[in-house]
Amino acid sequence: MSASLSVTARRLSLAVAAAGALVGATAVPASADHAPRPHRPHVEISNVQYDSPGYDDGSNHSLNREWVELTNTSRHAVNLDGWTLSDKDGHTYTFDGFWLAGHATVRVHTGTGRDSGSDVYQDRHGYVWDNRSDTATLSNDRGRVIDTDSWGDHNHRAGGHHDR
C-alpha cells in the first residue's frame, strides 16, 4: 500500500506542479497588456483661412492666402504620405512623401508654389474652401477621418471637433 500511496502522491505533486506552470504561463501575457502602446499620430486641423484676405481675384497670390494648417501635437514625426485633406464638395489634396516633424505645423495652400517643410501647395487654379460654409476633413492613408473643421451655417454637423 505504501508503494501505491507514494505513486499517487508523486502523481498529485506532478499535477500540482503542472498546474502551477500553466498559471505562470498565462500570467505572462496578462502583464504584457500593460506594456506601452505603439506611437499613434496626433495630427489635427489647427487653423483654416477659408476666405482669402482682400479681393478674390483668382490670382495665385490670392489663392495661396487661402490655406489650412495641420499641427502634429506629438513629439514624434508623422508620415503623411497618402493622407488627404478634402472639402465637402470633394476637392481632395493628397500628401505625397511628406513627413510632419514633432510639434510642427504645415500650411496647405490652395494655389501653386514650392513645397517646403512648413508649406505645401495643392497646385489649383481655383478656390477650394467656401467662404460661407464648408468642412475641411483630414483623413489618414487608410481613409479614416482624423479631424474635421467646419464653419458657417450647417444643416447637420460632420462630427468634427471644430466648429466656427
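At-a-glance table
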item	result
More than 21 angstrom apart: percent of Cα pairs within segment 45-146	29
Debye-sum result for segment 115-154 in log10 I(q)/I(0), which assumes one identical scatterer on each alpha carbon, at q = 0.19, 0.22, 0.32, 0.36 Å⁻¹	-0.81, -0.97, -0.98, -1.01
Segment ARG75-THR105, extension gain: residue separation times 0.36 nm, minus the distance between their alpha carbons	9.6 nm
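Each reported figure results from applying straightforward, stated rules to the coordinates on display, with no laboratory input. This is a predicted model, so every value here is computed, not measured.
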